[in-house]
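**Q** One structure is given below, represented as structure tokens, and several questions about it will come after.
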Amino acid sequence: MAVARSAPFVAAPVFVPVGRPVALRDRPTTRTEPRKPVDAAIVALVPRAAAGDKVAFTRLVEAFHADMARLAFVVCGGNRDLTDDAVQSAWAIAWSRLGTLRDPERIRAWLLSVTANEARQLLRQQRHSGAVRLEFAEEHVAAPDPYTSPAALDMASVLARLKPEERTLVGLRYAAGLDSAEIGAVLGMSASGVRSRLDRLLDRLRAELEHD
């Protein structure tokens, strides 16, 4: 899926190696974390881009494309083609609908929400035509994980076990680095609901992987 010709950019796909272990204690889910505000200079670009300023929009692409690609990669279960399509589609939507964003400071969360929605939509379409093929990076970290083995999950195994909605939650938390309140704003959930759901999900994954 290509971005419409009127869009002012050609965004190259950005991928992250997901074979590395994820230490679940790196980002605890049971406490409130301080939000990292979007840089004021980036926020100032939003109304300009919404008004059709292609230079401003291209700078938004440079600022957020990698985050969107990481999230899409997780939601799409490691499928690189779907990841590329999801991010391209998300940017096309952003170009046409950026003016609907009332709070420019929410630009990152808004873009991630659009990306997650597009990734899930592509997965639904894919299920109608055949199984999604999972593709994972071959590179693994050789050094032992600093945490106990049940807390270090091989990301390839994790993604293969999760539904798209579950991968969205994990992706927003660990790939995009959003806190529970920000995830809640994206998914339409309370912050406490996000923490509770994520805790249950991670507990289930630990138990499943321990028994493999």
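**Q** For residue 106, indicate whether it is touching a helix residue (DSSP H, G or I) at 6+ places or on another chain (Cβ under 9 Å), at pLDDT below 95 and assigned to a helix (DSSP H, G or I).
**A** yes
**Q** Taking only the range 173-210 into account, find how many residues are outside any helix (DSSP H, G or I) and either touching a Pro at 6+ places or on another chain (Cβ under 9 Å) or buried (at least 19 other Cβ atoms within 10 Å of the Cβ) (or both).
**A** Of the residues in that region, 3 qualify.
**Q** Scan 160, 119 and give me the residue that is modelled with pLDDT under 85 and among the aliphatic types (A, V, I, L, M).
**A** 160
**Q** Right, here's the next one. Residue by residue through the range 89-118, note down the ones that are farther than 11 Å from residue 64 by Cβ and among the aliphatic types (A, V, I, L, M).
**A** If the condition is that a residue be farther than 11 Å from residue 64 by Cβ and among the aliphatic types (A, V, I, L, M), then 92, 93, 98, 101, 116 are the ones that fit.
The values are calculated or read from the model by the stated rules, or taken from the named source; none is laboratory data. Keep in mind that this is a model prediction, so the values were computed, not measured. All Cβ positions, glycine included, derive from the backbone under ideal geometry; neighbour counts span all protein chains shown.
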